[in-house]
Amino acid sequence: MSGDAPQSAPDEMRGDDPESLDYLDAPSESLRTDIIREWQAEVSTDRLRLRTCAVCGREECARSVHEYDASAVNFSLLRNDELPSKVWPSTYNYIGYDRALLCSAGLSDTNAPDKMLICDDCKTYLDRNVMPKFALANWLYYGREALPDAVREAFDSSSIFERMLVSRVRYNSVSCRFKASEYDPTEEVDYRTQALRKARKGIRGNVVVTPLNVRKLQEVLPPPPETIRDTMSVIFIGSVPPSRETLHRLHPVLVRKSRVKIMLDFLMEHNPYYSRLQGFGGYSEKNLNDLFDGSDDCIPGSVHVGFLPANNAVDSATGDYTGRNLDEAVESTDMSDEVLMENVGYTLGDDSPGSFSDMKMIALERCLAGKSYLGYRKSASMVADFDNPYLLSMAFPEEDPWGIGGFLHPFRRTRISVEEQVSYLLTVHGGRFQRHPEFAFFYYNVLRKQLVSRSMRYRAQKSTYKRVIDDMLGIDLDRLTSLRMKCKRDPMFVPVDEEDRRIMTLVGSVGLIAQQVPGSAGQKLVLRNEIRGMITYRGAPTLFITLNPSDVDNPIVRLLAGDDIVLEDLVRGEDIDTWKRKMFAAKNPAACAKFFDIMITRFIEIVLRWNRPGRGLFG
């Protein structure tokens, strides 16, 4: 039979008649109409508008949050009597609501109990007369409304550099990249003034966050100049180097001395994790004064400022298929001080988990030396990444200023995992956590490291297992250490000595596997095998669909971020310009993620009719 003959479709796809080709028929007019009507209903304003649960503070779609009479709620389940009076909420009548910790956005009357919004998840717990898992009373209340006005304003308006100066845990390095537009000789202003004006509106500032191998605990705050020099830098790309005046007007990286002082004074007095303890010297006025050149606003003197001349090589390295880097000089009638900051994360290659050979040699060296199987770190003042209830407040004091809502809090009535709390915080009312430029990236990194550390295994083929063990026991420890240092100095090192070649062969015969780690090579292999199995069982796909929902251009993102808009009114056109839409999407990443999820899941459920009776649009 000719190899070009068409394959018959599996019986499961053809129905009862093995010769039927009904699945290839075009959809009927009624089916197309039903799909359109169902889609319109599912993505309507009434379905997607957010409502805030008064019990947990989460913002959910309206269909999962309902209004109840406050008299039917047992407020004693929503109390946390261990909270000090200085952090009691002030946005509603705390005493009138029987000292229940509530989100005022979900209350119809903040003065006396009346109607309140409760999500389906919390209502299930309350019906069982149990404190809801994600109730604010379960140590998920952060007391920002109880902050003094000056302190709240300082935290809210702090720049990324200012937050690094008041954080006890140094968890990353940050490099801010500013690219100025080309000089226009027709304008009657000098280059630096023109570049700065366009930079405020049109440059893309890339905040490069590099996770450190060690979470270093600062000994004093602000940290000394050598620490700042190691973790903060500014790169300016343009035709000529920026002047000192230009740099001092780049607001995202400016540091205000008075603001840093206000934040540090509050943390030292009210946050237990910033108290003077063994190994922490507290506030250092000398370090703070050394950062400034006499003015209250400046880039710290110890921050490295670099300059790269603009050229085609840089443009090619930052290009992409969307063309978003081609319209950096977008004009806007307002928001002239806004800078679009795009977070980019990467790990350093030399010390990252990507160097499997180095990791295996280190592990083998430690085993032969009889050392414990704990992660080796060089710093004398390290901080635990995992199972650390005070890491949130030490790394992000602007989000937990009182130190009362950390992960894995020991006093919680119902245990909440780190992953569950991260998901919760990204949906909480106000959007502070979801809009934070580093929070989600930082804890995503922590969670993945935790999964890897708990699931990583070394393996060898069964036929060579005994030989591998015998060879390991016969390795000279000093020789192994010497070989590892050679490989570290020269990643392309090729051993010529017979003993070194034997060690390298042994290292190559031991593999690394990671179980159930998202994004790992093991998980990708599982997914590929699943696809191959589906193709073998059901046949090769006959239709490929690519979906690329645009979060910048779709008004659903604004609705999911809490904007008071009506989607049906916006079909006549957006009421904000392109630049504002870009800024909005950049500041609401969680809303963009929700939008993407809604578009994909609704497409599968409504258009494809997956796991539903009857056919979909494509069969």
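The values are calculated or read from the model by the stated rules, or taken from the named source; none is laboratory data. Bear in mind that the values here come from a model prediction, so they are computed numbers and not experimental data. We place every Cβ from the backbone using ideal geometry, glycine too, and count neighbours over all the protein chains shown.
Observations on the model:
- Those residues of the stretch 116-133 which are surrounded by 14 or more Cβ atoms within 10 Å (Cβ to Cβ) and not in a loop (DSSP other than H, G, I, E, B), in sequence order: M116, L117, I118, C119, D121, C122, K123, Y125, L126
- Selection over the stretch 134-152 of residues that are in a helix (DSSP H, G or I) and either in contact (Cβ under 8 Å) with a residue 24 or more places away in the chain or more than 20 Å from S393 (Cβ to Cβ) (or both) gives a count of 6.
- Residues (free of Cβ contacts under 8 Å to residues at least 40 places away in the same chain and loosely packed, with under 14 Cβ neighbours inside 10 Å) located in the stretch 577-603: D597, T601
- Scanning the stretch 388-405 for residues that are without any contact (Cβ under 8 Å) to a residue 60 or more places away in the chain and either of a type in the set (K, R) or surrounded by fewer than 21 Cβ atoms within 10 Å (Cβ to Cβ) (or both) yields a total of 2.
- Among (1) surrounded by 14 or more Cβ atoms within 10 Å (Cβ to Cβ); (2) under 30 Å from K449 (Cβ atoms) - the single one R609 does not satisfy: (2)
- Test result for G519, of a type outside the set (S, T, Y), touching a strand residue (DSSP E or B) at 6+ places or on another chain (Cβ under 7 Å) and in a loop (DSSP other than H, G, I, E, B): no
- When residues of the stretch 261-284 are limited to those that are within 20 Å of E399 (Cα to Cα) and of a type in the set (S, T, N, Q), the one modelled with the highest pLDDT: N271
- Evaluation of M164 against (1) under 29 Å from R49 (Cα atoms); (2) crowded, with 18+ Cβ neighbours inside 10 Å (one fails), failing number: (1)
- Residues satisfying the stated conditions in the stretch 522-551, i.e. in contact with a strand residue (DSSP E or B) (Cβ under 8 Å, 6 or more places away or on another chain) and under 26 Å from K594 (Cα atoms): Q523
- Test: I95 is of a type in the set (V, I, T) and exposed (fewer than 13 other Cβ atoms within 10 Å of the Cβ): yes
- For the stretch 407-424, the candidate set comprises residues that are part of a loop (DSSP other than H, G, I, E, B) and touching a residue at least 40 places away in the same chain (Cβ under 8 Å); within that set, the residue that is surrounded by the most Cβ atoms within 10 Å (Cβ to Cβ) is I416.
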